[in-house]
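Q: Got a structure for you, written out below as structure tokens; questions coming shortly.
The values are calculated or read from the model by the stated rules, or taken from the named source; none is laboratory data. Since we're looking at a predicted model, the values are computed, not measured. When we count neighbours, we look across all protein chains shown, and the Cβ atoms used for this are built from the backbone with ideal geometry, even at glycine. Surface accessibility is based on the protein's heavy atoms, side chains included, excluding ligands, DNA and RNA. Shrake-Rupley method; radii C 1.70, N 1.55, O 1.52, S 1.80 Å.
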Amino acid sequence: MAAKPETIADLSFEDALKRLEAIVHRLESGDASLDESIQLYAEGDALRGQCEARLASAQARIEKITLGADGKPTGLQPFDAG
């Protein structure tokens, strides 16, 4: 079995998102004490920031293939999602 990541920065995007979903579920259940809720909220906020940073990084690396008049690839340009 693989070692568990020690910090939020070590988590993959998917693992961070799963942990964030678990935190939201726990908070929404109302079963957490006030102190636990505060700790969970802080961890969730850090996870959200990590997920946003990873998405921004991924978007910055995505490039769009440009095609010439003949339909053949001619180069790359930054992808604009807007």
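Q: Please determine, by comparing only the residues of the range 38-76 that are among the small types (Gly, Ala, Ser) and more than 22 Å from the chain's Cα centre (by Cα), which one is farthest from Ile8 (Cα to Cα).
A: Among residues in the range 38-76 that are among the small types (Gly, Ala, Ser) and more than 22 Å from the chain's Cα centre (by Cα), the one farthest from Ile8 (Cα to Cα) is Ala69.
Q: Considering only the range 5-23, state which residues are out of contact with any Leu (no Cβ under 7 Å at 6 or more places or on another chain) and surrounded by 12 or more Cβ atoms within 10 Å (Cβ to Cβ).
A: Passing the criteria: Asp10, Leu11, Phe13, Asp15, Leu17, Lys18, Glu21, Ala22.
Q: Now a separate question. Return the only residue of Ala2, Ala58, Ala53 being open to solvent by 60 Å² or more (accessible area, probe 1.4 Å), at pLDDT below 95 and of a type in the set (Gly, Ala, Ser).
A: Selected residue: Ala2, the only one of Ala2, Ala58, Ala53 that is open to solvent by 60 Å² or more (accessible area, probe 1.4 Å), at pLDDT below 95 and of a type in the set (Gly, Ala, Ser).
Q: A further question follows. Would you mind telling me which numbered condition in (1) open to solvent by less than 70 Å² (accessible area, probe 1.4 Å); (2) of a type in the set (D, E, K, R); (3) more than 30 Å from Glu21 (Cα to Cα) Lys64 fails?
A: (1)
Q: Given the criteria polar (S, T, N, Q), without any contact (Cβ under 8 Å) to a residue 40 or more places away in the chain and more than 30 Å from Pro78 (Cα to Cα), does Ser29 qualify?
A: yes
Q: Further, regarding this structure: For the range 43-63, indicate whether the set of residues that are touching a Lys or Arg at 6+ places or on another chain (Cβ under 9 Å) and without any contact (Cβ under 8 Å) to a residue 24 or more places away in the chain is non-empty.
A: no
Q: When the range 32-61 is examined, which residues are found to be assigned to a helix (DSSP H, G or I), farther than 10 Å from Leu20 by Cα and of a type in the set (Ser, Thr, Tyr)?
A: Scanning the range 32-61 gives Ser37, Ser57.
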